[in-house]
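Notes follow the structure.
Read the figures in this text as sums done on the coordinates, not as results from a lab. Keep in mind that this is a model prediction, so the values were computed, not measured. Quick reminder, even Gly has a Cβ in these numbers, built from the backbone with ideal geometry, and neighbours come from all protein chains shown.
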Amino acid sequence: MSFARFCFPLREMKQKKEPIAIPKTYALVTGASQGLGKAMVLELAMRKINLLLVALPGEGVEELAAQLAGLGVEAHFYETDLSQRENVLKLTDWVNQNFNVGILINNAGRGGTRSMLAADAEYVDGIVQLNIAAPALITHQLLPNLLRQKNAYILNVSSMAAFSPIGFKTVYPASKRFIRHFSLGLRQELKGTGVSVSVVYPGPMKTNADVASRIEKQQWMGRIGLVSPEAVAEVAVRQMFRRKTCILAGWGNYLNWLLLAMLPNRFKIPLLTKAVRKEMDGLP
Ligand SMILES: NC(=O)c1ccc[n+]([C@@H]2O[C@H](COP(=O)([O-])OP(=O)(O)OC[C@H]3O[C@@H](n4cnc5c(N)ncnc54)[C@H](OP(=O)(O)O)[C@@H]3O)[C@@H](O)[C@H]2O)c1
């Protein structure tokens, strides 16, 4: 052994070390163009996480990606209607062929208030496809990708509406209950892997004009638990990284959750149905 090697073994070891290639990973956010999805994108961008933005065509997601590039974050966008199964499969193929996914946020979703009799088929099918089928299929298709990463996170967006059936919303709360059960079941399945599954239950958020007007019409009921999308996004992303199972934002929503858990169905379902019926002023 040479004198230098004997005296400076650490320096030798350092010189011999091969550089470790850390794969670049991305966070995929659906419904990234506005509302809660956009707020979560900005939360992730502040942490310098690379992003894959998914939204409907022509809704500004391209501009958002350019804005993120200006902040030093690599962002790609994909515009598609997620309520079509073949679009979901094309999206996930594109992702799997080009990117390592470390975070999946299933946020895109739609609601509404209609009587079942007056609603058309597109309304019912649209909620089922976007809120149930798309997140389940996206997660299924991206799971092998997520499992390849050392640490990975899935965050599914449910709603406080998941905690009770509500007449005239009917399909929406049921779809958000699906998200709860899907998330909790998958979390259990993935125990012992590097992938954690969290589910966030936002209360009312004035994310767009239509939702804001519906919340206003609910009067005091709509105001309990009202939190800005930015505040929900901050809590959701922070708790996701802590691998928390269920995420609530704002004291009003903890109170709502407690009330909904305590009240029997025969009281809470008529009470909530009466409140949301006010949203239907002018609707069939
Ligand atoms: N707002 C609330 O009071 C509230 C309460 C509880 C839970 N949530 C849940 O939170 C999530 C976000 O809600 P939000 O209020 O932020 O909604 P939003 O403002 O209406 O935004 C919805 C996002 O989903 C996208 N999206 C809608 N339909 C789509 C489709 N067919 N294919 C692809 N993307 C589509 C929209 O894209 P475009 O911009 O391209 O249309 C938009 O980026 C939803 O899952 C919702 O159910 C909302």
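Rg and Dmax of region 180-279, based on Cα coordinates, read 15.6, 47 Å.
Here the Karplus curve 6.51 cos²θ - 1.76 cosθ + 1.60, taken at θ = phi - 60°, turns the phi angles of region 190-202 into couplings of 8, 3, x, 9, x, 9, 10, 10, 10, 9, 10, 10, x Hz, with x standing for Gly and Pro. Taking Cα atoms only, the orientation of helix 61-70 departs from the longest principal axis of the chain by about 40 degrees. Between L147 and E216, the contour length at 0.36 nm per residue exceeds the Cα-Cα span by 20.6 nm.
Of the chymotrypsin sites (Phe, Trp or Tyr not before Pro) found in region 78-126, no site is in coil according to DSSP while having at most 11 other Cβ atoms within 10 Å of its Cβ.
Stretching the chain fully between D125 and F241 yields a gain of 38.4 nm (0.36 nm per residue, less the alpha carbon separation). The angle separating the long axis of helix 134-148 from the principal Cα axis of greatest extent in the chain is about 20 degrees. For the chain, a Gaussian network of Cα nodes joined below 10 Å ranks V41, V199, V227 by mean-square fluctuation, and the top entry is V227.
For the chain, the longest principal axis of the C-alpha atoms and the axis of helix 229-241 are separated by about 50°.
For Q188 and N87 in one chain, what is 0.36 nm times their gap in residues minus the Cα-Cα distance, to one decimal in nm?
Stretched out fully, the Q188 to N87 stretch lengthens by 33.5 nm.
Working from label points 7 Å from Cα in the Cα-to-Cβ sense, the L260 to A66 distance is 4.0 nm.
For the chain, a crude dipole built from +1 on the beta carbon of Lys and Arg and -1 on the beta carbon of Asp and Glu, taken about the Cα centre, is about 1380 debye to the nearest 20.
So, with +1 on the Cβ of K and R and -1 on the Cβ of D and E, and no other charges, what is the size of the charge dipole of region 25-174 about its Cα centre, to the nearest 20 debye?
560
Once the trypsin sites (Lys or Arg not before Pro) in DSSP loops with at most 12 neighbouring Cβ atoms within 10 Å are cut out of the chain, the longest remaining piece is 49-149. Of the residues A209, N151, Y26, the one whose Cα sits farthest towards the positive end of the charge dipole of region 23-280 is N151 (charges of +1 on Lys and Arg Cβ, -1 on Asp and Glu Cβ, taken about the Cα centre). Both the radius of gyration and Dmax for region 45-146 are 15.3, 50 Å, in that order, over alpha-carbon atoms.
Here is the tail figure for region 23-280: Cα pairs spaced more than 23 Å apart come to 49 percent of all pairs. Projecting label points 7 angstrom from Cα along Cα→Cβ for Q97 and E18 puts them 3.0 nm apart.
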